[in-house]
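Notes follow once the structure below has been shown.
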Amino acid sequence: MPVNVLFSARPELWPVYEPLLSDGLTNAGVDAAIGTQMDPDQVDYVVYAPNGGLLDFTPYSRLKAVLSLWAGVESIADNATLTVPLARMVDFGLTQGMTEWVVGHALRYHLGMDRHITVQDGTWTPEAPPLAPERTVCILGLGMLGEASARALAVLGFNVTGWSRSPKDIPGVTCLHGEDGLRAALTTAEIVVLLLPDTPATENLLNAETLALLPKGACLINPGRGPLIDDSALLDALNAGQIGHATLDVFRVEPLPIDHPYWAHPNVTVTPHIASETRPVTAAQVIVENIQRGEAGEPYLHLVDRALGY
């Protein structure tokens with residue numbers, strides 16, 4: 001009897017994922033039927049994105065696991081109708097894309113690129129930037145994406161500090177945790193990168209109090225989640241010079257409204273949620289492996305702790 005896999009995501013993704021999942025499962029030795037319409041009580045796995053329309057999992061009595069196409073699961077983790085294992089998306093393409101984006105924007109700040117790219121007024125100021133070991137970069141969030149970004153920056157020679165909820169050990173990175181660790185991490189951070197999940201514990205983590213801990217003129221990079229930042233506090237810190245510049249890729253409301261102050265602020269760079277995305281080729285491989293594991297009775301990869309929300 002074939003394994004029934006329901007694909008619940010934006011319709012335009014189906015033609016892309018269908019051959020990747022079908023071929024992948026066949027090559028993995030899994031006899032599977034895949035579709036976008038199935039009787040709920042016949043579904044074994046759901047390949048899922050929150051914008052696919054499926055919200056009530058109650059009728060899915062045979063369901064074994066929900067396999068998310070998104071790295072963030074805050075919009076589904078607290079769904080009371082979902083009682084089976086939930087796996088978030090962790091794949092090479094997503095991680096590599098985020099690492100490249102973070103390193104690129106960190107280097108932009110470190111090298112002072114804007115001064116030479118945007119100001120061509122004939123002034124000759126031969127001031128070289130410091131070397132990477134003289135610059136401290138702080139990564140808030142040491143999950144898969146945060147750890148990969150921290151490691152890449154450490155390889156370049158930066159003095160990298162990482163902060164997480166629980167203790168971590170990453171070679172070349174000073175790892176801190178807990179409330180005291182957060183304060184210690186922020187007080188030396190010339191460049192801060194936010195790669196935390198959106199949970200009640202992380203909302204407004206960067207606020208008036210914590211922004212004031214940063215060295216004056218520090219730069220902020222947020223490819224994580226919009227609610228991590230108190231927007232009013234950040235604008236105040238930017239206007240006061242406490243924060244020198246902020247590059248923001250994620251927001252509480254997306255697309256970012258045209259009248260939002262971030263668009264017009266001279267010390268804010270807005271990017272339209274492009275830091276990284278799920279790549280179908282590599283994402284399909286992760287989905288196939290999790291289905292293969294489920295059918296073999298092995299633990300699923302990248303399971304979400306529902307109590308923590310990530």
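The values are calculated or read from the model by the stated rules, or taken from the named source; none is laboratory data. All of these numbers come straight from a predicted model, not from anything done at the bench. Heads up, the Cβs are rebuilt from the backbone with ideal geometry, glycines too, and the neighbour counts pull from every protein chain shown.
Entry remark, the range 37-67: residues being free of Cβ contacts under 8 Å to residues at least 60 places away in the same chain, crowded, with 22+ Cβ neighbours inside 10 Å and outside any loop (DSSP other than H, G, I, E, B) number 3 in total. Tell me whether the range 200-221 contains one or more residues that are at pLDDT below 95, of a type outside the set (D, E, K, R), over 30 Å from Leu20 (Cβ atoms) and out of contact with any helix residue (DSSP H, G or I) (no Cβ under 8 Å at 6 or more places or on another chain). Checked against the condition, which is being at pLDDT below 95, of a type outside the set (D, E, K, R), over 30 Å from Leu20 (Cβ atoms) and out of contact with any helix residue (DSSP H, G or I) (no Cβ under 8 Å at 6 or more places or on another chain), the range 200-221 yields at least one hit.
Taken over the range 104-124, the criterion of being among the aliphatic types (A, V, I, L, M), more than 22 Å from Asn159 (Cα to Cα) and surrounded by 10 or more Cβ atoms within 10 Å (Cβ to Cβ) is satisfied by Val119 alone.
Being over 23 Å from Trp163 (Cβ atoms) and either at pLDDT 95 or above or in a loop (DSSP other than H, G, I, E, B) (or both): is that true of Leu256 here? When the stated conditions are applied, Leu256 passes them.
Is it fair to say Asp180 is part of a helix (DSSP H, G or I), exposed (fewer than 13 other Cβ atoms within 10 Å of the Cβ) and out of contact with any Gly (no Cβ under 8 Å at 6 or more places or on another chain)? Even if it seems obvious, please write down each step before you answer.
Values: part of a helix (DSSP H, G or I): yes; exposed (fewer than 13 other Cβ atoms within 10 Å of the Cβ): yes; out of contact with any Gly (no Cβ under 8 Å at 6 or more places or on another chain): yes.
So Asp180 passes the test.
The residues of the range 264-310 that are within 30 Å of Gln242 (Cα to Cα) and assigned to a loop (DSSP other than H, G, I, E, B), listed by number, are His265, Pro266, Asn267, Thr271, Pro272, His273, Ile274, Ala275, Ser276.
Among the residues of the range 238-257, those that are in contact (Cβ under 8 Å) with a residue 12 or more places away in the chain, of a type outside the set (Val, Ile, Thr) and over 16 Å from Tyr109 (Cβ atoms) comprise Phe251, Arg252, Glu254, Pro255, Leu256. Only residues that are farther than 26 Å from Val47 by Cα and surrounded by fewer than 19 Cβ atoms within 10 Å (Cβ to Cβ) were counted in the range 243-283, giving 16. Can you find a residue in the range 71-81 that is buried (at least 22 other Cβ atoms within 10 Å of the Cβ), part of a strand (DSSP E or B) and in contact (Cβ under 8 Å) with a residue 12 or more places away in the chain? Within the range 71-81 (the criterion being buried (at least 22 other Cβ atoms within 10 Å of the Cβ), part of a strand (DSSP E or B) and in contact (Cβ under 8 Å) with a residue 12 or more places away in the chain), the answer is no, since none of the residues qualifies.
The set of residues in the range 118-148 being more than 20 Å from Ala189 (Cα to Cα) and assigned to a loop (DSSP other than H, G, I, E, B) consists of Thr118, Val119, Gln120, Asp121, Gly122, Thr123, Trp124, Thr125, Pro126, Glu127, Ala128.
Step by step: first the residues of the range 164-177, then only those that are of a type outside the set (A, V, I, L, M) and in a loop (DSSP other than H, G, I, E, B), then the one that is nearest to the chain's Cα centre (by Cα). Which residue is that? Here the residue is Arg165. Take the conditions farther than 30 Å from Ile291 by Cβ, of a type in the set (Lys, Arg) and not in a loop (DSSP other than H, G, I, E, B) and apply them to Arg115. Does it pass? Against the criterion (farther than 30 Å from Ile291 by Cβ, of a type in the set (Lys, Arg) and not in a loop (DSSP other than H, G, I, E, B)), Arg115 qualifies. Taken together, Thr202, Thr161, Thr210, Thr247 contain a single residue that is more than 21 Å from Ala275 (Cβ to Cβ) and either assigned by TED's automatic domain parsing to the domain that holds Leu131 or not in a strand (DSSP E or B) (or both), which is Thr210.
Pairs meeting the criteria (first residue in the range 113-129 and assigned by TED's automatic domain parsing to the domain that holds His245, second residue part of a loop (DSSP other than H, G, I, E, B) and among the β-branched types (Val, Ile, Thr), beta carbons under 9 Å, at least 6 apart or on different chains) are Arg115/Thr125.
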